[in-house]
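Coordinate-derived values only; no laboratory data. Nothing here was measured: the structure is a model prediction, and the numbers come from that model. Heads up, the Cβs are rebuilt from the backbone with ideal geometry, glycines too, and the neighbour counts pull from every protein chain shown.
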Amino acid sequence: MGTVQLTIDADDRAFADSAAPSDVSSNAPRNVTPNDEFVLAHLSDLHLSSLEGVRPRALLGKRVLGYLSWRMRRRREHRMEVLDALRADLQSERLDHIAVTGDLTHIGLPQEFRQVAAWLEKLGPPEGVTVVPGNHDAYVRESWDDTFAQWAGYMRGDDAGKATERADAFPTLRVRRDVALIGLSTALPSAPFLATGRLGERQLSRLDELLEETGRAGLFRIVLLHHPPARHTVRPRKSLRDGAAFRDVLARRGAELTLHGHAHFSAATYLDGARGRNLAIGVPSASAIGKHVDRYATYHLYGIRRSASGWSLRVAVRTYSLDSGRFVADDGRRLRQALAAAPA
């Protein structure tokens with residue numbers, strides 16, 4: 001794999017100034033030249049839900065715990081007005097694509113999936129937005145038709161027909177210019193008080209093949225999943241159970257970038273630390289205004305361009321401001337600190 005030269009920008013003006021803003025809600029392609037950056041926005045953990053009018057019988061089992069969590073705390077933390085500001089900010093940026101890495105719902109109710117489907121439709125067409133699911137989206141077992149089928153177009157790979165609308169469709173592959181977006185699902189129901197994820201042997205085997213194929217094609221490979229793939233990012237009860245097997249695949253095949261959510265804070269590390277390879281970056285929740293400023297709603301912008309030695313990767317951070325009610329440029333300090341603290 002080629003060298004990836006990473007830069008964390010102090011602000012994102014260079015992204016905005018490099019071209020006129022594109023309308024991600026439009027199907028019209030943006031005029032590009034071979035030297036143009038590919039600009040990707042990464043957001044995660046929307047927890048988009050009102051949970052108003054939920055019938056008691058819909059809250060059986062683990063869902064009652066999630067409902068109580070929402071009523072007591074999370075409904076004040078994850079705010080619709082923040083998501084409205086997020087959509088407006090994204091649509092003002094120069095973007096080629098948007099990636100959403102899971103937990104779009106809170107307790108995986110069919111009515112939440114419908115709410116999210118309406119929000120995604122306003123955000124952009126399926127061709128311009130890639131979604132992978134999170135553990136909250138698979139809170140308990142539900143019918144595919146009542147849940148994930150609502151977003152099937154946003155999760156489908158380039159080579160999948162309309163009939164391929166099942167959970168075992170992962171991994172998915174979407175190629176946009178010089179970038180390969182490989183979507184994985186770590187979402188599966190877990191016991192109460194657990195939020196673990198798992199890929200399974202079938203996904204890992206296919207991931208190995210996709211990384212080899214797209215690497216041979218000279219593409220910038222981005223792996224999208226919900227759970228952090230690095231050790232110790234989150235506590236064991238929230239971890240990726242086969243994270244070691246995932247890291248083994250990347251050590252063998254390489255990936256220029258892995259993006260995840262789940263932790264609700266900025267995370268950055270090299271999964272192959274000894275060689276400084278396989279960069280993984282996690283983004284906080286895109287809707288949160290909790291007690292801690294380091295967990296305020298945030299999304300990341302990535303500028304990807306070929307360079308003489310391989311690839312240039314620029315990262316800019318946009319964070320929600322309580323004072324202005326909109327997203328503003330962040331200095332990227334937390335990402336730098338996370339990368340500096342990453343084990344070698």
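Descriptive notes on the structure:
- Signed unit charges on C-beta, dipole axis of the stretch 176-272, positive-most listed residue THR214, ALA180, ALA244: ALA244
- Gyration tensor verdict on the stretch 264-324 (Cα atoms; rounded if a/c is under 1.5, prolate if a/b is larger than b/c, oblate otherwise): oblate
- Modelled label reach - SER92, point 7 Å along Cα→Cβ, the stretch 291-313 residues with backbone N closer than 15 Å: 299
- Segment GLN111-SER50, extension gain: residue separation times 0.36 nm, minus the distance between their alpha carbons: 21.0 nm
- Zone of GLU201's modelled label, taken as backbone nitrogen in the stretch 238-279 under 15 Å from a point 7 Å along Cα→Cβ: 242, 245-246
- Check: the stretch 188-344 dipole with +1 on Lys, Arg Cβ and -1 on Asp, Glu Cβ, in debye: 180 debye
- Approximate spin-label separation ARG237-VAL175, in nm, with each point projected 7 Å along Cα-to-Cβ: 4.5 nm
- For the stretch 236-276, the residues whose amide N sits under 15 Å from a probe point set 7 Å from the Cα of ALA217 along the beta carbon direction are 256.
- Length available on full extension from ALA10 to SER307: 0.36 nm per residue minus the Cα-Cα distance, which gives 104.8 nm.
- Extension gain, ALA251-THR3: 0.36 nm per intervening residue step, less the Cα-Cα distance, totals 87.8 nm.
- Gyration tensor verdict on the stretch 182-249 (Cα atoms; rounded if a/c is under 1.5, prolate if a/b is larger than b/c, oblate otherwise): prolate
- Gyration tensor (alpha-carbon) shape descriptor, the stretch 200-324, a/c threshold 1.5: oblate
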